[in-house]
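The values are calculated or read from the model by the stated rules, or taken from the named source; none is laboratory data. None of these values were measured; they are calculated from a predicted model. Neighbour counts run over all protein chains shown; Cβ positions are idealised from the backbone, glycine included.
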Amino acid sequence: MAKVFVTGATGQVGMHVVEHILADRKLSVTNPSDIICLVRNPKKAHRLKLSGVTIIKGDLQDSDTIHEVMANGIEFVFHIAANILLNQTYDQMYAPNVLGTRIMLDVFVKSEAKCFIYTSSIAVYQAFNGRKRYYNLDENSPLGELEGEPYQVTKRIAENLVRDYAKKNPYKTIIITRLGPIIGAGDRQTIPSMVQVMKYKLLPKLINRGKHLFAITSARDVARGQVFLAEYPENISGEIYNIAHEPISYRRIMNIIADYYQRMPPKFSITYWFFKSLIPLLRVLHKIFPKIKLIKTALSPITIKYVGKTYIYNSEKLEKLGFKYQVTPEEAVINSLIYLDPEKKMLKPSL
């Protein structure tokens with residue numbers, strides 16, 4: 001009988017990690033209460049409570065609470081929680097993303113727990129802010145500098161911490177996973193932003209005919225990848241793994257959305273260079289009208305980085321260990337739509 005500690009369990013990835021462990025009886029967990037979830041706001045943990053897991057109120061800087069949890073027979077730690085809000089300052093992100101990770105690592109290496117999975121992001125790669133139109137990134141691709149956007153910088157600093165702890169504690173298993181865009185149940189950004197775009201008739205739906213590729217991954221497969229690494233029988237401590245499925249074209253995604261709502265597939269396209277000329281205006285609009293849904297999602301700074309470009313996050317390293325993705329990108333898009341709008345009320349049919 002094993003015990004598991006999960007931070008960020010009310011988020012999309014954390015929730016799926018918990019549900020995967022329970023549904024597929026992973027990590028020798030025999031009782032839901034043996035999964036301990038650190039939660040800042042218990043009011044958001046209704047779904048977790050229904051599953052029978054143990055809810056502990058606290059945050060990543062609450063070292064006493066974390067120490068108490070880790071001293072209670074924990075074997076596996078999934079550190080998923082992080083501040084991902086784009087409007088936060090560096091100081092606001094540094095506290096949970098860096099200091100919180102340090103506290104988690106400090107307590108982990110002093111405990112009897114044997115495995116620590118740190119959830120990072122593809123945002124750490126230098127290419128995330130690149131100007132090229134095509135990127136194929138593996139775990140050896142260069143990382144960005146320790147300056148720039150707060151989220152990217154704090155995740156890079158946190159990764160440095162994790163690697164340092166792995167080197168200094170060879171008797172422990174410490175692994176980093178880098179996640180790309182995640183869709184499926186709980187998706188609040190990617191597919192919702194594309195549905196928002198579909199609402200506006202005069203707004204172009206495609207850039208360069210939608211031929212560029214977008215590597216998206218089902219939250220279910222992301223959770224499976226995390227648990228797969230925790231269960232892996234050989235020594236892979238200190239290793240880093242991308243968890244990202246095969247890419248899909250923007251046109252294919254938009255066609256799936258159109259089909260879901262019984263609308264005509266989008267045809268109107270503009271060139272990338274024309275779109276690029278609009279980026280300064282879009283950034284100004286985002287600052288002036290940050291709460292307007294279209295601007296907040298579809299025209300957000302993160303979304304704009306992907307438009308007109310192909311980002312492939314190579315996960316051959318993970319697959320060589322024997323991991324296999326189960327949810328196709330097409331299925332993941334449909335799962336996102338069902339979760340977002342099960343009654344199909346957000347868009348009216350046009351067929």
Taking Gly148 and the conditions (1) at positive phi; (2) under 17 Å from the mean Cα position of the chain (by Cα), which numbered condition does it fall short on, given that it satisfies the others? (2)
Please go through the stretch 128-145 and give me each residue that is of a type in the set (Phe, Trp, Tyr) and surrounded by 17 or more Cβ atoms within 10 Å (Cβ to Cβ), ordered by number. Phe128, Tyr135
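Please enumerate the residues belonging to the stretch 309-321 that are in contact (Cβ under 8 Å) with a residue 24 or more places away in the chain and surrounded by fewer than 19 Cβ atoms within 10 Å (Cβ to Cβ).
From the stretch 309-321, those in contact (Cβ under 8 Å) with a residue 24 or more places away in the chain are 309-318, 321; that's our starting set.
Selection gives Thr310, Ile312, Asn314, Glu316, Lys317, Leu321.
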Surrounded by 15 or more Cβ atoms within 10 Å (Cβ to Cβ) and either within 15 Å of Glu19 (Cβ to Cβ) or not assigned by TED's automatic domain parsing to the domain that holds Cys115 (or both), is that true of Ser63? no
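If I ask for residues that are outside any strand (DSSP E or B) and closer than 15 Å to Gly11 by Cα, which ones from the stretch 60-89 would you list?
Filtering the stretch 60-89 for residues outside any strand (DSSP E or B) gives 60-73, 80-89.
Leu60, Ile80, Ala81, Ala82, Asn83, Ile84, Leu85, listed by residue number.
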